[in-house]
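Right, one structure below, let's go through it.
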Amino acid sequence: MDDQNIRVDRMRFSKNTQSSRLALLAIVLNVLFFISIYKYVCKDASRSDEFYYTALMGASILYNLVFMLATFLSSEGVKNYKPNFSYIMFGLAAIQIARIFIYPVSAHAQSGLMSDGQFIRLIVYLVLSALCLVGAALINLAKSRALAAHTASLEAGKA
Amino acid sequence: MAELSLKHIDKIYDNNVQAVFDFNLDVKDGELIVLVGPSGCGKSTTLRMVAGLEDISKGTLTLDGRDITQTPAKDRDMAMVFQNYALYGHMTIYENMAFSLTLRKEDPNVIHKKVLAAAEILDLTTQLNKKPSQLSGGQRQRVAMGRSIVRSPKVFLFDEPLSNLDAKLRSATRREIILLHKRLNATMLYVTHDQTEALTLADRIVCMSMGHVQQIGTPLELYLNPNNIFVASFIGLPPMNIFDVAVKDGTLVGKGFTVPLTPEQKATLAPYNNKEISLGVRPEDISEGGDMVMDVTTNENLGMNTLVHGHLAGNRITAKLKGWTNYRDGDQVKIAFGRMHFFDKETTQAIRKDGNVK
């Protein structure tokens, strides 16, 4: 067995920690986004209250919970080389990118509600979070396909 | 090559209790040595000193001529298998077996090859993704052995590895250890209190009692020519029958029985004429027919043999008779002694030719 084959064969007995850790990092980045968004800089607090305290805020909080749960479950799925969880991760990553246009962009458009620095930081968190998810999903897809092919060849060899 | 040498090893604990006295042993390359003795005889302490888990109070330990008396355990190139397996419950079998090599930061591909090779030897290939809790006791012990094998140590140390297993599994795992030893041809030190394990596994046995080595020899040597009453009683199952007898003009006179001696035996016991000695007879060396009468108390059928317990003129005696017998309490059986062993009554040492002790 050459080194490449051994590397693939090792996957039969080891977890895909690379993808799993990237997914967990995506959760951490999302938490950073979440704790940073309401740190408004507006001197007139009532204006911030008017902007944030809507049904959208409740939906946003709810989505954060859903995101963390779905990403955690996906991280466990990719740990075991299950390819379907990669597609869930692609979906979650797309939503992270879409979220940029909901809060940071709309809040930044309101003058004095969000500084440029805070705006850029929030975008960076969401983009990085999405990139982690895409990376985890791609690595898992590649590994799970290689492992499936290797397992099939082993079974063919046995037969 | 892995030759181990223990010279004048003593173990004295801080509270001045001495557990091992002047232990001397040369282990040849590829030899399987079994340390056997009752609980508290110092066999595990000796093994732990070899492993580096206990300090050596006095003496020298060398491995391939290199003094390792003060070498830390991790640098001794020895692997130990424990009675309680000592596996990590949260890791898979693969991870357990690979763990020591991972700690050493070996190439993952090399680790993989070694783990698969060890799993193949121990027939664990299909269990590698399982957790220890999903395996039977015998399989867990095989994993513990596998963890040792992957390290390719110079010496394997086994500390009562079969004690946690039931009788059937113990027998199966014992056979696996024999095969493993043949396959690896590695130097092994094995501790047990079970004399059956010692007899079946060992190239040589070290029989210990109260911290002292009683005898070192092949299983057959210890069985046929025990050095003293302790070894005679410890090796062999059921244990040897011991009687107090007097040597009188070519016969042994016991309480209520007399045994004639052959000319060779007479010569051996000549210096003991008119003195008391201890006579040892193994249960399997007693046969039906003869002049002595045994009063039966219990009859245990084992299939091919029957263990008959009773009294010979008041002395307790056990005979292992051939075939299936149905003696009852109170029956009388005529018996004869086959091979006999003689021991000095005071020193308990064996009396050999020309009256020499041992």
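Let me check against my output: what whole-number percent is the relative contact order of the stretch B:258-343, with C-alpha pairs under 8 Å and at least 6 apart?
37
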| A:Ala148/A:Thr17 FRET efficiency (R0 22 Å; Cβ-Cβ; nearest 0.05) | 0.70
| Any idea what the alpha-carbon Rg over 2.2 N^0.38 Å comes to for the stretch B:24-137? | 1.27
| Whole-Hz ³J(HN,Hα) from phi, Karplus 6.51 cos²θ - 1.76 cosθ + 1.60, for the stretch A:147-155, glycine and proline x | 5, 4, 5, 5, 4, 4, 5, 5, 5
| query | In the stretch B:267-353, which chymotrypsin sites (Phe, Trp or Tyr not before Pro) fall in coil by DSSP and have 15 or fewer other Cβ atoms within 10 Å? | reply | B:Trp324
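As a check on your grasp of the helix formula, calculate [θ] at 222 nm for chain B: sum -39500 (n - 2.57) over DSSP H runs of n ≥ 4, divide by the residue count, round to the nearest 500.
Working: 9 runs with 90 residues, N = 358.
Result for chain B, helices only: -7500 deg cm²/dmol.
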| field | the stretch A:17-158 pair-distance distribution - Cα-Cα, 5 Å bins, rounded % | value | 2, 10, 18, 18, 14, 11, 9, 6, 4, 3, 2, 1, 1, 0, 0
| task | Distance between Cα centroids, the stretch A:1-39 to the stretch A:56-134: provide it in whole Å. | result | 17
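Please report, in cubic angstrom per residue, the volume enclosed by the convex hull of the alpha-carbon atoms of the stretch B:4-233. Don't jump to the answer; show the numbers that get you there.
Values: hull volume 29.5 nm³, N = 230.
Value for the stretch B:4-233: 128 Å³ per residue.
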| request: Please work out how much accessible surface B:Tyr88 shows to a 1.4 Å probe, ignoring ligands, DNA and RNA, in Å² rounded to 10. | output: 90
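Which length gain, in nm to one decimal place, applies between B:Thr62 and B:Lys113 when the Cα-Cα distance is subtracted from 0.36 nm times their residue separation? Write down the numbers at each step before the final one.
Values: separation 51, 0.36 × 51 = 18.36 nm, distance 3.12 nm.
That works out to 15.2 nm of additional length.
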| message | I want to verify a result. In a Gaussian network model of chain A, Cα cutoff 10 Å, which of these has the top mean-square fluctuation: A:Phe90, A:Phe13, A:Phe101? | response | A:Phe13
| message | Running a GNM on chain A with Cα contacts under 10 Å, which residue among A:Gln110, A:Gln118, A:Gln96 ends up with the highest mean-square fluctuation? | response | A:Gln110
| request: Sticking with the crude label model, points 7 Å out along Cα→Cβ, report the distance from B:Phe82 to B:Lys105 in nm, one decimal please. | output: 2.7
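Over the stretch A:18-154, what is the mean sequence separation of C-alpha contacts under 8 Å (at least six apart), divided by residue count, expressed as relative contact order in percent?
Working: 141 pairs, mean separation 59.0, N = 137.
It rounds to 43 percent for the stretch A:18-154.
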| message | What does the structure give for B:106-112 when I average, per residue, the other chain Cβ atoms found within 10 Å of the residue Cβ? | response | 4
| Relative contact order of chain B: what whole-number percent is it, with Cα pairs under 8 angstrom and at least 6 residues apart? | 15
| task | Could you tally up the Lys pairs in the stretch B:95-216 with alpha carbons closer than 29 Å? Skip any pair fewer than 8 positions apart unless they're on separate chains. | result | 21
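At a temperature of 20 °C and a viscosity of 1.002 mPa s, determine how fast the stretch B:238-294 diffuses translationally according to Stokes-Einstein, using the Kirkwood radius over alpha-carbon pairs as Rh; express D in µm²/s, rounded to the nearest whole number. Write out the running numbers ahead of the final one.
Details: Rh = 12.1 Å.
This corresponds to a translational diffusion coefficient of 178 µm²/s.
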| request: In a Gaussian network model over chain B where Cα atoms closer than 10 Å are linked, find which of B:Glu106, B:Glu284, B:Glu95 has the largest mean-square fluctuation. | output: B:Glu106
| request: Report the residues of the stretch B:261-293 in range of a label on B:Lys353: point 7 Å along Cα→C-beta, backbone N strictly under 11 Å from it. | output: B:268
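For B:116-129, what's the mean count of beta carbons from other chains sitting within 10 Å of each residue's beta carbon?
On the way: counts 6, 0, 0, 1, 0, 0, 0, 0, 0, 0, 0, 0, 2, 3.
Average neighbour count from other chains, rounded to a whole number: 1.
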| Of the heavy-atom accessible surface of the protein assembly as shown (probe 1.4 angstrom), what whole percent is carbon and sulfur? | 56
| task | In Å and from the alpha-carbon atoms only, list the Rg and Dmax of the protein assembly as shown. | result | 36.4, 125
| remark: Pseudo-spin-label distance B:Ser5 to A:Tyr63, built 7 Å along Cα→Cβ, given in nm, is 7.8
| note | Taking A:Met89, B:Met80 and ranking on accessible area (1.4 Å, protein atoms only), highest first, one gets B:Met80, A:Met89
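Given only helices, namely DSSP H runs of n ≥ 4 each adding -39500 (n - 2.57), what is the per-residue ellipticity at 222 nm of chain A, to the nearest 500 deg cm²/dmol? Write out the running numbers ahead of the final one.
Numbers: 7 runs with 128 residues, N = 159.
Taken over chain A, the calculation gives -27500 deg cm²/dmol.
To the nearest 20 debye, what charge dipole does the stretch B:4-233 have about its Cα centre, counting +1 at the Cβ of each Lys and Arg and -1 at the Cβ of each Asp and Glu?
Values: 27 positive and 25 negative charges, 136 e Å.
That gives the stretch B:4-233 a dipole magnitude of about 660 debye.
Which percent, nearest 5, of DSSP beta bridges in the stretch B:4-233 are antiparallel? Mind dumping the intermediate values first?
On the way: 18 of 36 bridges.
Bridges in the stretch B:4-233 are about 50 percent antiparallel.
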| task | Give the distance, in whole Å, between the Cα centre of the stretch B:225-254 and the Cα centre of the stretch B:1-56. | result | 29
| field | Helix B:167-184 axis, angle to chain B major axis (alpha carbon atoms, nearest 10°) | value | 60
| In Hz, Karplus ³J(HN,Hα) per residue of the stretch B:63-71 (6.51, -1.76, 1.60; θ = phi - 60°; x = Gly, Pro) | 10, 6, x, 8, 6, 10, 4, 9, 6
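Peptide A:8-15: average number of partner chain Cβ atoms within 10 Å per residue? Don't skip to the end; give the middle numbers.
Numbers: counts 0, 4, 9, 0, 5, 12, 7, 2.
Per residue, the number of nearby Cβ atoms from other chains is 5 on average.
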| query | With each pseudo-label sitting 7 Å past Cα toward Cβ, what's the B:Asn301-B:Thr126 distance in nm, one decimal? | reply | 3.9
| query | Near B:Lys248, which lysines are there with a Cα under 27 Å away, not counting those fewer than 8 places off in the same chain? | reply | B:Lys266, B:Lys275, B:Lys334, B:Lys345, B:Lys353, B:Lys358
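The values are calculated or read from the model by the stated rules, or taken from the named source; none is laboratory data. Computed from a predicted structure; not experimentally measured. Cβ atoms come from the backbone with ideal geometry, glycine included; neighbour counts cover every protein chain shown. All accessible areas refer to the heavy atoms of the entire protein, side chains included, with ligands and DNA or RNA removed. Shrake-Rupley method; radii C 1.70, N 1.55, O 1.52, S 1.80 Å.
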